[in-house]
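Peer 1: One structure, pasted below without further comment.
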């Protein structure tokens with residue numbers, strides 16, 4: 001009798017996970033939240049402005065003189 005009771009208990013215990021594993025699709029968890037009222041005003045900018053692209057006005061300089069002579073002179077002088 002004890003063996004039959006033990007066998008029935010094992011059978012019931014092993015059937016519970018099988019029933020849970022045969023669930024075709026898990027249900028999503030649903031959390032319900034009570035609605036709340038938010039009272040107030042949205043902030044809006046008081047003023048705005050648009051900056052236009054500025055012209056930089058750079059000019060390419062034409063280097064007509066060579067700086068090699070000045071570089072050689074600076075190397076020959078004693079350091080300060």
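Peer 1: Please work out whether region 29-79 counts as rounded, prolate or oblate from its C-alpha gyration tensor, where a ≥ b ≥ c are the square roots of the eigenvalues and a/c under 1.5 means rounded, while otherwise a/b larger than b/c means prolate and anything else oblate?
Peer 2: It is prolate, given that a/c is not under 1.5 and a/b is the larger ratio.
Peer 1: Further, regarding this structure: Once fully extended, how much extra length lies between residue 71 and residue 42, figured as 0.36 nm per residue of separation less the alpha-carbon to alpha-carbon distance?
Peer 2: Residue separation times 0.36 nm, minus the Cα-Cα distance, leaves 3.9 nm.
Where a number appears in this text, it was derived from the coordinates with a stated rule and is not lab data. This one's a predicted model, so the numbers in the text were calculated from it and none came from an experiment.
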